[in-house]
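See below for the structure under consideration.
The values are calculated or read from the model by the stated rules, or taken from the named source; none is laboratory data. In this text, all values refer to a predicted model and were calculated from it rather than measured experimentally. Methodologically, a virtual Cβ is constructed for each residue, glycine included, from the backbone with ideal geometry; neighbour enumeration extends over all protein chains shown. Note: accessible area is taken over every heavy atom of the protein model, side chains too, but ligands, DNA and RNA are not part of it. Shrake-Rupley method; radii C 1.70, N 1.55, O 1.52, S 1.80 Å.
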Amino acid sequence: MAGLYTQDSIERLRQAVDMVDLVGAKTDLRRVGSRWVGLCPFHEERTPSFSVDAEKRVYYCFGCEAGGDAIGFVRETEALDFPEAVELLADRYGVELAREAEDPRAEERRRRQERLRALLERAARFYATYLWDSAEAQKARAYLLGRGLGEEVLRAFRVGYAPSAPDRVALSAQRDGFRPEELIAADLARRGRGGGLYDRFRGRITFPLADGRGRVLGFGARAMGEGRGPKYLNTAESELFHKGRQLFGIDLARSHTAKAGRIVVVEGYTDVLALHQAGLRESVAIMGTALTEDQLRELERSAPLVVLALDADRSGMNAMLRAVRSAGERGTELRVVEMPEGEDPADMLAANGVEAFSGRVERAVSVLEFQVRRVLADADLDTPAGRDRALEEARALISATPVRSATRDHLVRIAADRLDVPADYVGANLAASPHSGDPAAAAAPRAPGSAALAAERAFLALCLGGGATGRAYLERLGDGHLSSIAARRARDHLLAHFDDPLADLPPDDRDAAALLTGVAAEAAEQEAGTSEAVLQVSFLQLELRRIDREIRQAKHEGDLARQDSLAGAKQDVRRELDSVMGQTA
Ligand SMILES: [Zn+2]
């Protein structure tokens, strides 16, 4: 999507933003010298480590290392993608965005979609007004309020009521200049046998289905009376609406997921409303579908932890397993809440208050543990044959965990306790599956990377603060010294913008942008005049890390000669390091 708006208009936008105003809406800032500091909106803390440079228009947190420019800030706090964040800021600071030249067909499609969205937005407004103002909707209001939902949350979600008259929406939209064909394309109306238009939704409570930016794309509609078609009716698949991508409530949940660090997925519209009302605002719903890849990707964009509080039977184990596998590959953590049978979150909240539900969310387990627990819960414990069957099923699941891991040990103990057999029976001779389904296991080998990243950031900061000598060291830094693509991009950026490192931050690489603002912030904190010895030591340490990585690679490939020569090189670097340390000591 890069290139959607001209570079020039993005730059004008960056200059127009008031960083203190923008960030100040999320956390209180006070002035300290040339910077503004406050509590970090990205992690919990008691003493402020978050700072904003109003002049350079960047932010950085010394605690969690979040950092970037205004666009990055909006992306993180509102969980928006780049063009979405740009559009939100342009709206807020009154900047006119210029689009890159579009081909005429793409432009035509965009204009058409804008018209359809305007039509849907108009319908959402009409339904919402009708719910509160019409006599006809009295029963619907009573039903919703009777479920414990307050007017405030119903209005926030723009819940509405579609009149039972045959064509109220179709007629008034046409009076406002919309064509019948557009009403049909948005699935707000259909053609009857006589050729006339009738409204798609009649005599139903309406729930607008919006995208992350709050743009209405369709509706879910619940019947009020008996014998009037299905209980729930959705907008049909269309050029605008795709049920498998939709997450109800995502527009309102997004700004809460960053702080919560998680997103909670439930089944129904009223569940989401009840949870928001109870303060669990990081909740969304999938609507009567099994969780799709598209939905999962959207969830992952919103938070690093996705908690599923679904009816496991309906959603289907296979769909969940697929989901967990792809989530594991991308590093998202997926957990499952054990829900009491036949109860949805809205019921639980009404009966036992929010604590009962949020307690379950806190105790959510990995998908694998959830499956093991289900096998054990379903087992026929009264016969040895039943216990053997459960034992075999549990063993098959547990074999997906790495050998000698805490995860495996934990699951073995659960199974052994429940089946009342020695742990050996469960754990013996289990193979390690190459396709581990457990995201916790997949995430484990990533931990050492953060130490490398910290060393790399510290070195880049030393270079930046080290004048001409620092620059010379920066030039010596090869790809092999840096453990991530983001770090390599940061190095390239620093070489190109050594005197003004925060200019032109890469718009499409949040990791690199965060690293660069971190490096600049660290460099600014340094005492003037880094000694060359410090740079040298720091460089040699990166050199050691590089050699270690290559040794691991050579071991992996079984290349003995290369392992030998690398071991020699490592000795040399060690010696050099000793001698420099000797001088500085
Ligand atoms: Zn922070």
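Some observations on this one:
- Counting only alpha carbon atoms, the long axis of helix 510-525 and the longest principal axis of the chain meet at about 50°.
- Farthest towards the positive end of the charge dipole of the chain, among the residues LEU217, THR383, ALA503, is the Cα of LEU217, using unit charges on the Cβ of Lys, Arg, Asp and Glu.
- Length-normalised contact order for the range 1-116 - Cα pairs under 8 Å, 6+ apart - percent: 27 percent
- A protection proxy built from the mean count of other Cβ atoms within 10 Å ranks the segments 483-493, 58-68, 14-24, most packed first, as 58-68, 483-493, 14-24.
- For TYR198 and ALA101, the FRET efficiency from 1/(1 + (r/R0)^6), where r spans their Cβ atoms and R0 equals 35 Å, is about 0.25.
- Helix 7-16 and the longest principal axis of the Cα set of the chain meet at an angle near 90°.
- Longest to shortest principal axis, alpha-carbon extents of the range 1-52, angstrom: 41, 24, 15
- Helical mean residue ellipticity (222 nm; -39500 (n - 2.57) per DSSP H run of 4+; nearest 500) of the chain: -17000 deg cm²/dmol
- Potential lengthening between ASP548 and GLU475 on full extension [0.36 nm per residue; Cα-Cα distance subtracted]: 24.1 nm
- Computed on the Cα atoms alone, the convex hull of the range 96-189 gives a volume of 141 cubic angstrom per residue.
- With θ taken as phi - 60° and the Karplus curve 6.51 cos²θ - 1.76 cosθ + 1.60 applied, the whole-hertz 3J(HN,Hα) list for the range 296-311 is 4, 4, 4, 5, 5, 5, 8, 6, x, 10, 10, 10, 9, 10, 10, 6 Hz, x standing for glycine and proline.
- Summarising the label geometry, the points placed 7 Å from Cα in the beta-carbon direction at ARG191 and CYS64 lie 5.4 nm from one another.
- Cβ crowding within 10 Å averaged over residues, with 534-545, 268-279 ranked highest first: 268-279, 534-545
- What you get for the chain, charging only the Cβ of Lys and Arg (+1) and of Asp and Glu (-1), is a dipole of about 1440 debye around the Cα centre.
- Using the Stokes-Einstein relation with a Kirkwood hydrodynamic radius computed over Cα pairs, the translational diffusion coefficient of the chain at 20 °C and a viscosity of 1.002 mPa s comes to 77 µm²/s.
- Legend: Rg and Dmax of the range 1-150, from Cα coordinates, 21.1, 61 Å.
- The chain, accessible surface, carbon-and-sulfur percent (1.4 angstrom probe): 48 percent
- In the chain, the longest principal axis of the Cα atoms and the axis of helix 406-419 are about 50 degrees apart.
- More than 19 Å apart - percent of Cα-Cα pairs taken over the range 78-139: 60 percent
- Efficiency of FRET between LYS555 and VAL421 - r from beta-carbon atoms, R0 56 angstrom, step 0.05: 0.90
- What the chain shows is 49 Å² of accessible area per residue, with the surface traced by a 1.4 Å probe over protein heavy atoms.
- Taking label positions 7 Å along the Cα-Cβ direction at both HIS410 and ALA350, the computed distance is 3.4 nm, reported to one decimal.
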